[in-house]
1. Those residues that are surrounded by fewer than 16 Cβ atoms within 10 Å (Cβ to Cβ) and closer than 15 Å to ARG5 by Cβ, I need them from region 59-79; list them, please.
2. Would it be correct to say that LEU36 is surrounded by 17 or more Cβ atoms within 10 Å (Cβ to Cβ), outside any helix (DSSP H, G or I) and within 9 Å of the chain's Cα centre (by Cα)?
3. Looking at SER49, SER12, SER74, can you tell me which residue is of a type in the set (Ser, Thr, Tyr) and either touching a His at 6+ places or on another chain (Cβ under 8 Å) or in contact (Cβ under 8 Å) with a residue 12 or more places away in the chain (or both)?
4. Out of everything in region 54-79 that is touching a strand residue (DSSP E or B) at 6+ places or on another chain (Cβ under 6 Å) and part of a loop (DSSP other than H, G, I, E, B), what residue ends up being nearest to GLN37 (Cα to Cα)?
5. Report yes if some residue within region 18-27 is modelled with pLDDT of 95 or more, over 12 Å from LEU4 (Cβ atoms) and not acidic (Asp, Glu); otherwise report no.
6. Would you check if HIS56 is farther than 18 Å from SER74 by Cβ and out of contact with any Phe, Trp or Tyr (no Cβ under 8 Å at 6 or more places or on another chain)?
7. Give the number of residues within region 39-57 that are surrounded by fewer than 16 Cβ atoms within 10 Å (Cβ to Cβ) and not hydroxyl-bearing (Ser, Thr, Tyr).
Amino acid sequence: MVNLRREFDDRSLGVDIPHYLHLPITDDDPPTMEDLQQGVAFIKHEIESGGKVYIHCGAGVGRAPTMAAAYLISQGDTP
């Protein structure tokens, strides 16, 4: 799971979430290149290990789609 919300960390619920990356990005702010590189590396590792990745933010309009597009572009695909 990739959580891109600055406003909430899923682990604060007390649930153990394996394979979890929290990149706190403020709503309406674009991810930095470092955020995108970290996210893409995490997603790539999980997929190459046979896993699936859920990417989320607050509304699913900006941050999560941007990260998904960055991963697809890094793999030579187009979103």
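The values are calculated or read from the model by the stated rules, or taken from the named source; none is laboratory data. For clarity, every value in this text was computed on a predicted model and none was experimentally measured. Here the Cβ positions follow ideal geometry from the backbone for every residue, glycine too, while neighbour counts run over all protein chains shown.
1. Result: ALA59, GLY60, VAL61, PRO65.
2. Working: surrounded by 17 or more Cβ atoms within 10 Å (Cβ to Cβ): yes; outside any helix (DSSP H, G or I): no; within 9 Å of the chain's Cα centre (by Cα): yes.
Here the answer is no, as LEU36 does not meet what is asked.
3. On the way: SER49 fails: either touching a His at 6+ places or on another chain (Cβ under 8 Å) or in contact (Cβ under 8 Å) with a residue 12 or more places away in the chain (or both); SER12 fails: either touching a His at 6+ places or on another chain (Cβ under 8 Å) or in contact (Cβ under 8 Å) with a residue 12 or more places away in the chain (or both).
It is SER74.
4. Top of the filtered list is CYS57.
5. no
6. Taking the combined requirement at face value, the residue satisfies it.
7. Of the residues in region 39-57, the ones surrounded by fewer than 16 Cβ atoms within 10 Å (Cβ to Cβ) are 41, 44-45, 47-52, 54, 56.
Remaining after also requiring not hydroxyl-bearing (Ser, Thr, Tyr): 41, 44-45, 47-48, 50-52, 56.
Residues that pass the stated criteria total 9.
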